[in-house]
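In what follows, a structure is listed as structure tokens, so that the remarks can point back to it.
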Amino acid sequence: MKLRATFMQRRLYDVTERHPDQAMRHVTAAFEFSGRLDIDRLRAAALQLMVRHDALRMRFLLDEHDVLVAHVVEMDSRDVDTVMTVVESTEGLDDAIRLVMRHFDRADDAPWRLVVNRGSDKDTMILVFDHLVCDARSMRVVLDDLAALYNGASLPAEAPLFAEWLVDEVEQGSRVDREVAYWKARYAEVPRAYSIKLPFATGWRSRDLGTPAFEELWLDAGEVARMKHKASLFRLSPFGVALTSLNLVLAPHCDDRAVALTGVLPNRRDGIYDGAVGSFAHTTAYVTAIPAPDGGFESFAAATRSAVINTLRHSRLALFDLIGRLGVGDSLASVHGYGVYFDYLYEALDTSRFELGGLRGTEVRLDSGVNRSLSIWVVERDGGALLKANFEAERFSRTGVRQFLREFADAMTDTAGEADLVLSGPRDRSAAESAAARIDLMELPDGNRG
């Protein structure tokens, strides 16, 4: 069965095929185990995983009209041998990483790889997926199903088909023109093209990806509780608070009274909700006007809520080709070659927890490179939240990124002076405002609303 690829898959294909020497869009997870994995059990689980999820059997190629098409191949038990490899090395993970991070030959290769590095007394498992068929939200489904199959647990007889989702998505392809028009109209509202000049960005440019660098900041349970209290005060989800806070800390570096962000909008079409594995590509652009140069959190929150609601009503596409990651025209991305990416993962989507046969897997930091951007993640974990920054060491100052994370955290968790804040209650809201607030909340995962 051949299917037309989606708008997002075509964009990802085009970007990555231009740089076959770089693993730019690989989705990765790696875990170190304190003991030995049962390789035969793992191989059998990997085989069943491929049978279960059609996305892991997809191939992609250009047809005679240069249109990208996807097709699902019939399963052959020998296919698992092309996916799974065991490396014997006591000298570290370099050989395993080189093996797993190769570019995918999308016409012939299965779109995922599993490599086990056998050290002197412990095993490390590395999973890598082509972003065309898997995203960070689907990764949780993969890990849960792989663990269940390895442990001999029962799973529902069939998983939802990614191919059916593709058919539905492509049938809506006529919406693309309307959505492009929508985003052009939003950017036309910005007085002029602008840029954001982060003081800790060097502006260094290179054709190649630089050295990946990382910074992390932990928010404890009390700080997360304050963030969620702030969410209830301003009729936002925790995701909305984080998006507002990022807007707030970026605003002083913006040369015009507007900030544009790209972020991942939690959406019920994501695979986590129905057990499908796939790249659902609900990364969405927001244009948020700053009400006043000295606008506080309340005014930013109103702008964020409006931007999210309008996005939900009018668009689902991630038009990176139009917005250039962050800004337009003479923008951060086009001038300096980087942008700011943001994602919020709720506890249910946290990929740090993984266990096989009673062996607890400890997450290993592994990255395929950064895309000339500052990537910011908020990950709810064990009652707290981890703020993660991924950036190029040559392009950003580590000290500056660390300070930026601290400012971002303070903006999310500071509730000083807000305890007595009077907001419009349900009786005071218009019907339209009440409906808008419900739209903002209904898109959140169950159990994480408000």
### Simple spin-label estimate for Val51 and Thr82 in nanometres, 7 Å along Cα-Cβ
1.9
### Summary
Long-range amide H partners of Asp135, meaning residues 5 or more apart or on another chain whose placed amide H is closer than 5 Å, are Gly278, Phe280
### Query
How much length is gained on full extension from Ala153 to Arg98, taking 0.36 nm per residue of separation minus their Cα-Cα distance?
16.5 nm
#### Entry: Residues with amide H under 5 Å from that of Leu3, placed H, sequence gap 5 or more
Ala70, His71
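Run through the DSSP bridge list for region 74-152 and note the antiparallel percent, rounded to the nearest 5.
Values: 7 of 12 bridges.
Antiparallel bridges make up about 60 percent of those DSSP assigns within region 74-152.
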### Task
Answer rounded, prolate or oblate for region 56-104, using the Cα gyration tensor with square roots of eigenvalues a ≥ b ≥ c: rounded when a/c is under 1.5, else prolate when a/b is larger than b/c, else oblate.
oblate
### Estimated FRET transfer efficiency (Asp168, Asp38; beta-carbon r; R0 35 Å; 0.05)
0.35
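For the residues Cys254, Cys134, what sequence is obtained by ranking on other C-beta atoms within 10 Å, fewest first?
Cys254, Cys134
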### Query
Considering amide H positions built from the backbone, and no H for Pro or chain starts, which residues 5 or more places from Tyr344, or on another chain, come under 5 Å of its amide H?
Val264, Val378
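Peptides 398-405, 56-63: what's the order by average Cβ count within 10 Å, highest mean first? Before the final figure, lay out each step's value.
On the way: 398-405: 17.0, 56-63: 19.2.
With the highest mean Cβ count within 10 Å placed first, the list reads 56-63, 398-405.
Every number in this text was worked out from the coordinates using simple rules, so none of it is lab data. Since the structure is predicted, the reported quantities are computational estimates derived from the model, not experimental observations. So basically every Cβ, Gly included, is an ideal-geometry build from the backbone, and we count neighbours across all protein chains shown.
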